[in-house]
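Here's the structure we're looking at; comments come further down.
The values are calculated or read from the model by the stated rules, or taken from the named source; none is laboratory data. Treat the numbers as computed from the prediction; the structure is a model and nothing was measured. Using ideal geometry, Cβ is built from the backbone for each residue, glycine included, and neighbour counts are taken over all protein chains shown. Just so you know, the surface numbers come from the protein's heavy atoms only, side chains and all, with ligands and any DNA or RNA stripped out. Shrake-Rupley method; radii C 1.70, N 1.55, O 1.52, S 1.80 Å.
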Protein chains: 2
Amino acid sequence: MAEREVDRSVSQTVKAQLALRDQILSGSLRPGERISELQAVETTGASRTPVRMALVRLEEEGLLEAIPSGGFMVKAFSERDISDSIELRGTLEGLAARFAAERGVSARELEPLKECLAAIDELLRQVPISIDAFSSYVTLNARFHALLTELSRSPPLIRQIDRASALPFASPSAFVMAQSALTEAQQILIIAQEHHRVVIDAIENREGARAEAVMREHARLAVRNLRLALRNRTHLDLLPALALIRTATD
Amino acid sequence: MAEREVDRSVSQTVKAQLALRDQILSGSLRPGERISELQAVETTGASRTPVRMALVRLEEEGLLEAIPSGGFMVKAFSERDISDSIELRGTLEGLAARFAAERGVSARELEPLKECLAAIDELLRQVPISIDAFSSYVTLNARFHALLTELSRSPPLIRQIDRASALPFASPSAFVMAQSALTEAQQILIIAQEHHRVVIDAIENREGARAEAVMREHARLAVRNLRLALRNRTHLDLLPALALIRTATD
DNA sequence: TGCATACGTTATGTATACAATAGCGGGGAG
DNA sequence: CTCCCCGCTATTGTATACATAACGTATGCA
């Protein structure tokens, strides 16, 4: 271990996990490909023990699959898997929105969400939206959804939604992007923004059923757009997550 | 490792995971208590590496919580956490039922579910139900729910439901039991059985919305019964899972 | 020529040794 | 008497050595 550079600021396990996840999502490791521990040790700089812990975590996270005879391989997802995951996440977010509405949320708690909303409005104002602005949108959208989830005040639900979001394709906005050119995508984002606005309103007025319904519709919109996107296959380069789709069988 | 008895039929990691889960659910390890690796090594018979892997898996499973300064502790759950988890699971099962209904299921696939149903009917016929019969019921009920989940044909959803069920309190029937004496519990089981029957019927007739609704109602019933059960505190000895409730704050 | 078996290589599963850190207890000083 | 600091101990994080099983290849026999 003479030349091994050890970064003590973060644990080796976390470092390995991040590095491996990166490799998977960037496509360096292809779906179905077996992950060699030895190779992972070389590329991550950690030793076998933390690498193995990282592999276990990534398996639980859903990115890897255990091979019966031993070791792990990168999981492959069908288009159906991905659209189901989006709907799944939407269903859970719907529950979160309902919990938030039923349990009551103070105006102060809604503040950050409204700020988020305003920031997104600002981004969507420019037509056509720029790539940079779109990238900001993705971040803000993720923030909005995370904040919304928090409003449920339900740790088990929040945890589960995190898990469902772990697979990167759970970010609906990225798929919207895939659909077509930016100007067309923007129209869809504007509809999505409308959903965001409605869910806030429903929560404010403590209308649980409406809050839930709109989040589910929100996900259904994302699924429809994913379908279209995969037909068109434009801007797919913006979607590292789609590198995980390799299976033809559905 | 002279005296170490190694059972080569299952991996040490799995063995350790099962043993630790058992200790947690049986209450040998109390919520909030730190799990010592060394101690776990002694009680499980595996060495530190597989024990650590097991701990990571149990953390991902939700039974353990990582301590910032290192190590793991047994997670504690509030009553709210548990009822939310039941509702969460019911929501996911509702989605599964809807998928099954919408995507279509052959009569042959429904066969095992109907057998399960019949077996449960048989058990419920004797009044009052015996403890043994109740125990069989728990098994059969779990089987029914697992089969139903499978019908969705959606690997991501199935996976997520498994995760949501990992926490043992997700088994609604066990909570029903907690409510009161067996004869009273039996009445509730009969209602639950009616739900089972309706969901099968809805799936057969491809009524997605109805299938989903009944599963959610099924979960809501379980939540109501949990609330009652915790007021009455009878038969709690049948509920090892409740050993996980320790927090007074909700 | 093709298949089966045996051997070797390689990778994973397991165990343990080593390193570092956090928590605790004791002792000293204010 | 109390509080703070230093050092020790116990426990986790990391690295590596060892065991074992699987896969591939080569060789021999049918």
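Listing for the model above:
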{"item": "Residue match in the range A:85-95 (condition: away from DNA strand C (no atom under 16 Å from the Cβ), buried (at least 20 other Cβ atoms within 10 Å of the Cβ), more than 10 Å from every other protein chain (Cβ to nearest Cβ) and in contact (Cβ under 8 Å) with a residue 24 or more places away in the chain)", "result": "yes"}
{"item": "Any hit, the range B:193-207, residues being open to solvent by less than 10 Å² (accessible area, probe 1.4 Å) and at pLDDT below 95", "result": "yes"}
{"item": "Subset tally (residues that are part of a helix (DSSP H, G or I) and farther than 24 Å from residue B:199 by Cβ) for the range B:117-138", "result": "2"}
{"item": "Residues of the range A:106-164 that turn out to be touching a Phe, Trp or Tyr at 6+ places or on another chain (Cβ under 6 Å) and more than 26 Å from residue B:83 (Cβ to Cβ), as a count", "result": "2"}
{"item": "Residue, most open to solvent (accessible area, probe 1.4 Å), within the range B:60-77, restricted to residues that are more than 9 Å from chain A (Cβ to nearest Cβ) and away from DNA strand D (no atom under 11 Å from the Cβ)", "result": "B:65"}
{"item": "Leading residue by the ranking (farthest from residue A:164 (Cα to Cα)) among those in the range B:13-61 that are of a type in the set (Lys, Arg) and within 13 Å of DNA strand C (Cβ to nearest atom)", "result": "B:48"}
{"item": "Unique match (being over 25 Å from residue A:165 (Cβ atoms), away from every other protein chain (no Cβ under 14 Å) and modelled with pLDDT of 75 or more) among B:182, B:238, B:189, B:242", "result": "B:189"}
{"item": "Residue, nearest to residue A:63 (Cα to Cα), within the range B:117-162, restricted to residues that are among the charged types (D, E, K, R) and open to solvent by 70 Å² or more (accessible area, probe 1.4 Å)", "result": "B:159"}
{"item": "Members of the range B:9-31 found to be away from chain A (no Cβ under 14 Å), within 14 Å of DNA strand D (Cβ to nearest atom) and under 21 Å from residue B:66 (Cβ atoms), listed by number", "result": "B:20, B:29"}
{"item": "Residue A:56 vs. criteria open to solvent by less than 10 Å² (accessible area, probe 1.4 Å), in a helix (DSSP H, G or I) and either over 30 Å from residue B:89 (Cβ atoms) or within 16 Å of DNA strand D (Cβ to nearest atom) (or both)", "result": "yes"}
